[in-house]
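K.L.:
Please see the structure below; I have some questions.
Where a number appears in this text, it was derived from the coordinates with a stated rule and is not lab data. Treat the numbers as computed from the prediction; the structure is a model and nothing was measured. All Cβ positions, even for glycine, are placed from backbone atoms using ideal geometry, and neighbour counts span all protein chains on display.
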Amino acid sequence: MIDRQCAGLLPDKPHTALRDASGGLLYEEMFTRAGFAGSFSYFYHRFPITPHREVELSSRGFAQPIAADDDGLPLKRRLYVSTRLPASGTVFDSRVPILFNRDVTVYVSRPNVTDSAYFSNGDGDELWFVSEGSGRLESSCGFLDVKAGDYVVVPRSLIHRWHVHEAMSLMLFEVHDEVFVPGAFRNSVGQLRMDAPYTHRDFVRPVGPIATLDQVQAGPSELFVKKRGKFTRYVAANPLMDVVGWDGFAYPFALAIEKYQPKVGLVHLPPTIHATFESKGALFCSFVPRLVDFHPQAIPCPYPHSSVDCDEVILYLRGNFTSRRGVGPGAISLHPAGVAHGPHPGAYEASIGATRTDELAVMMDTREPLMPTRQAAALEDAAYHGSWV
């Protein structure tokens, strides 16, 4: 989804025979998006991918969002403290939904154990942000090492599992369509433009292939597939990580948030200039340390804002959040459309004369209203809406 990558053994032409040294045939898999009209990758497997020893509906899997008992009313600004969530479990099992609409579901997770099974999310792309810790994503494409400050994109239905190296704090946007780089950042041949906020070199691709003809990656035989919010358990008859070569545009990748190159202006620019990724119904933005507005009378602090079309979610990471008080790393705010929001009292005036900001944060704007979940109630700071008084 960034550019074409390839690794390992490939035939000269797709859909032609690829054989091992003894003449045994390898098995091509087409991993396609948007039917056959979107990005795709070729995977070349050591063994057939279709046989399963077991298949059953499973009760194992992460919680699905349940609308809050109050239906998110009255409409108010909300704050969730993700660090209240205990550190435990795997990435697969431990994610807790806090907000959702028909386009995206927002989860938080604090895993400290490596996944014991493989997972394939048939309900959407996964856009992760790693707030703390480090780990490794294992997939058909190879290994992708990630660390605090990384975005990680996992394409819909890609078989994968997470290895936790240091206990991690994660935020997940489960996007029910596709995560992509905004089209305005690309030129006519698909290359990232010179005025884009990042370059091709900033993205980290998986190191692969995951297997060789002589050695197949050892791993669990269990695979859990999520579709329509339900989990099906499979026990594969053949190793799941047996890809000896792959080629294409559909693969997982990482981007360190501080690789993002911010724009600055004479006066305050709108949040859209921080756009990083896009999807149907949602825009994802990165706020990184940067110089601020340089007009002599500029007010660098974000202006009071009535957004009549978009809900806004911000994950605070570190730094001096000039517009907020009482928020710290791991706090997640929801400012719904219809309720004016802006700097806390005193912050607007105090920002005059500032020349830079050191804040680090991730933001999502959505076109459809976000519904708080019942599961998020234990993480909510009930006093947040009143903190503007």
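K.L.:
Take the residues in segment 197-215 that are without any contact (Cβ under 8 Å) to a residue 40 or more places away in the chain and under 16 Å from Tyr151 (Cβ atoms); name whichever of them is surrounded by the fewest Cβ atoms within 10 Å (Cβ to Cβ).
P.N.:
Arg201
K.L.:
Mind listing just one residue for me: the one in segment 53-101 that is surrounded by fewer than 14 Cβ atoms within 10 Å (Cβ to Cβ) and assigned to a strand (DSSP E or B) and, of those, nearest to the chain's Cα centre (by Cα)? Can you show your working first?
P.N.:
Step one: of segment 53-101, the residues surrounded by fewer than 14 Cβ atoms within 10 Å (Cβ to Cβ) are 53-57, 59-60, 66-67, 69-71, 73-75, 84, 86, 88.
Filter again for assigned to a strand (DSSP E or B), leaving 53-57, 67.
On the way: Arg53: 32, Glu54: 31, Val55: 29, Glu56: 28, Leu57: 26, Ala67: 22 Å.
Going through the qualifying residues, I end up with Ala67.
K.L.:
In this structure, does Ala376 turn out to be under 25 Å from the mean Cα position of the chain (by Cα) and farther than 18 Å from Pro271 by Cα?
P.N.:
Numbers: under 25 Å from the mean Cα position of the chain (by Cα): yes; farther than 18 Å from Pro271 by Cα: yes.
Yes.
K.L.:
Return the residues of segment 102-140 that are basic (Lys, Arg) and not in a strand (DSSP E or B); say none if nothing qualifies.
P.N.:
Those that are basic (Lys, Arg) and not in a strand (DSSP E or B): Arg102, Arg110.
K.L.:
I'd like the residue in segment 148-169 that is free of Cβ contacts under 8 Å to residues at least 60 places away in the same chain and farther than 27 Å from Gln215 by Cα and, out of all such residues, is surrounded by the most Cβ atoms within 10 Å (Cβ to Cβ).
P.N.:
Of everything passing the filter in segment 148-169, Ala148 is surrounded by the most Cβ atoms within 10 Å (Cβ to Cβ).
K.L.:
Within segment 1-24, take every residue that is of a type in the set (A, V, I, L, M, F, W, C) and assigned to a strand (DSSP E or B) and give me the one that is farthest from Glu278 (Cα to Cα).
P.N.:
In this case the residue turns out to be Ala7.
K.L.:
Let me ask you something else. Among the candidates Arg201, Arg156, Arg161, which residue alone is out of contact with any His (no Cβ under 6 Å at 6 or more places or on another chain) and either in a helix (DSSP H, G or I) or aliphatic (A, V, I, L, M) (or both)?
P.N.:
Sole residue among the options that is out of contact with any His (no Cβ under 6 Å at 6 or more places or on another chain) and either in a helix (DSSP H, G or I) or aliphatic (A, V, I, L, M) (or both): Arg201.
K.L.:
Could I ask something else about it? Mind telling me which of the residues Tyr44, Tyr27, Tyr80 ends up being free of Cβ contacts under 8 Å to residues at least 24 places away in the same chain and of a type in the set (Ser, Thr, Tyr)?
P.N.:
Details: Tyr44 fails: free of Cβ contacts under 8 Å to residues at least 24 places away in the same chain; Tyr80 fails: free of Cβ contacts under 8 Å to residues at least 24 places away in the same chain.
That would be Tyr27, the only listed residue that is free of Cβ contacts under 8 Å to residues at least 24 places away in the same chain and of a type in the set (Ser, Thr, Tyr).
K.L.:
On to the next question. Out of curiosity, is Ser120 touching a His at 6+ places or on another chain (Cβ under 7 Å), in contact (Cβ under 8 Å) with a residue 12 or more places away in the chain and either surrounded by fewer than 24 Cβ atoms within 10 Å (Cβ to Cβ) or among the aliphatic types (A, V, I, L, M) (or both)?
P.N.:
no
K.L.:
Of the residues that sit in segment 25-52 and are of a type in the set (S, T, N, Q) and not in a loop (DSSP other than H, G, I, E, B), which one is surrounded by the fewest Cβ atoms within 10 Å (Cβ to Cβ)?
P.N.:
Thr32
K.L.:
Do we find a residue being touching a Gly at 6+ places or on another chain (Cβ under 6 Å), buried (at least 16 other Cβ atoms within 10 Å of the Cβ) and in a loop (DSSP other than H, G, I, E, B) anywhere in segment 352-365?
P.N.:
Yes, segment 352-365 has at least one match.
K.L.:
Related question: Is it true that some residue in segment 317-326 is in contact (Cβ under 8 Å) with a residue 40 or more places away in the chain and either within 24 Å of Ile66 (Cβ to Cβ) or in contact with a Lys or Arg (Cβ under 7 Å, 6 or more places away or on another chain) (or both)?
P.N.:
no
K.L.:
Another question, if that's okay. Tell me the residue from Ser94, Ser88, Ser58, Ser39 that is touching a Ser or Thr at 6+ places or on another chain (Cβ under 9 Å) and within 30 Å of Gly190 (Cα to Cα), please.
P.N.:
Step by step, each of Ser94, Ser88, Ser58, Ser39 is checked, and only Ser39 is touching a Ser or Thr at 6+ places or on another chain (Cβ under 9 Å) and within 30 Å of Gly190 (Cα to Cα).
K.L.:
Now for a separate question. Which residues, counting only those in segment 173-187, are among the hydrophobic types (A, V, I, L, M, F, W, C) and more than 13 Å from the chain's Cα centre (by Cα)?
P.N.:
Ala184, Phe185
K.L.:
When the residues of segment 235-259 are filtered to those that are in a loop (DSSP other than H, G, I, E, B) and among the hydrophobic types (A, V, I, L, M, F, W, C), which remaining residue is farthest from Tyr42 (Cα to Cα)?
P.N.:
Applying the filter and picking the extreme gives Ala237.
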